[in-house]
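Report on the structure given below.
Read-outs: derived from the displayed coordinates by stated rules, not from any lab. Given the structure is predicted, the values throughout are model-derived calculations rather than measurements. Note: ideal-geometry Cβ built from the backbone for every residue, glycine included; neighbour counts use all protein chains shown.
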Amino acid sequence: MARDLEAHRVSTGEWGRRLRPVRADQWALATPCTEWTVRDLANHLVAGNEMTVQLLAGADAAAAMERLHGDHLGADPVAAWERSSVGEVAAFAEPGALDRTVHHPVGDISGETLLGFRTLDNLLHAWDLARATGGDETLDPDAVAVAWVDLEPMAPIIASVGIFGTGPSGTVDADAPLHTRLLDLSGRRP
């Protein structure tokens with residue numbers, strides 16, 4: 001579990017190091033998540049952070065879903081993300097947080113499973129943000145390895161889930177770098 005907490009902390013940092021340098025003229029840029037601009041993507045991450053804190057505090061799925069709507073960024077998107085990410089990291093670090101059952105919109109899951117979701121969300125969207133803004137697209141290899149362990153078992157159904165685009169391309173070899181395989185599995189084409 002300590003490894004997973006560290007991977008989450010690192011993935012949060014991966015997102016942050018790409019968000020902080022976003023210029024005023026970049027917030028409206030398109031991202032690889034075709035329905036989202038850079039600002040929309042940042043809003044998604046902040047809403048997810050806030051939803052996680054609520055879930056770990058015992059909120060039900062309906063309350064959690066409500067958290068996903070609206071603007072969570074205000075006038076200072078970076079400050080909004082900073083506040084929400086500090087809250088999420090602290091919520092996961094609470095004693096027993098990873099052993100709790102949370103009432104996520106996908107169903108009841110463990111806090112540890114939620115941690116994996118959030119690690120993956122941070123990593124994949126860090127790459128999306130880098131791609132949109134021309135930033136560094138490399139991801140921390142240890143965090144990628146942890147995220148891979150969570151996502152790879154879903155490979156057979158990933159295209160049908162609907163949250164990872166078309167899923168894997170089928171063109172990336174098994175000996176390709178893990179970073180490339182993770183991105184491809186999640187519907188991204190590096």
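Couple of notes before you dig in:
- Distance from segment 29-77 to segment 129-190 (C-alpha centre basis), Å: 21
- The chain, Rg to Rh (Cα coordinates; Rh as Kirkwood inverse mean 1/r): 0.94
- Debye, to nearest 20: dipole size of segment 97-190, +1 on Lys, Arg Cβ, -1 on Asp, Glu Cβ: 300
- Using the Karplus relation 6.51 cos²θ - 1.76 cosθ + 1.60 with θ = phi - 60°, the per-residue 3J(HN,Hα) values for segment 138-147 come to 6, 10, 4, x, 5, 5, 4, 4, 5, 5 Hz, with x marking Gly and Pro.
- Ellipticity at 222 nm from helices only: DSSP H runs of n ≥ 4 in the chain, each -39500 (n - 2.57), divided by the residue count, give -18000 deg cm²/dmol.
- Here the chain is treated with +1 on each Lys and Arg Cβ and -1 on each Asp and Glu Cβ, and its dipole about the Cα centre works out to around 360 debye.
- Cα gyration tensor, segment 79-163 - rounded (a/c under 1.5), prolate or oblate: oblate
- All distinct Cα pairs of segment 1-111 go into the 1/r average, and the inverse of that average, the Kirkwood radius, is 14.8 Å.
- Over the chain, relative contact order from alpha-carbon pairs under 8 Å, at least 6 apart, %: 24
- Farthest positive-ward along the chain dipole, Cα basis, beta-carbon charges - from Gly74, Ala64, Val89: Gly74
- ³J(HN,Hα), Karplus 6.51/-1.76/1.60, whole Hz, each residue of segment 124-129, x for Gly, Pro: 5, 6, 5, 5, 4, 5
- Couplings 3J(HN,Hα) for segment 32-48, derived from phi with the Karplus relation 6.51 cos²θ - 1.76 cosθ + 1.60 (θ = phi - 60°), are x, 7, 3, 8, 10, 7, 4, 5, 4, 4, 4, 4, 4, 5, 5, 4, x Hz, where x marks Gly and Pro.
- Eigen-decomposition of the gyration tensor built on the alpha-carbon atoms of segment 1-53 gives equivalent ellipsoid semi-axes of 24, 13, 9 angstrom, largest listed first.
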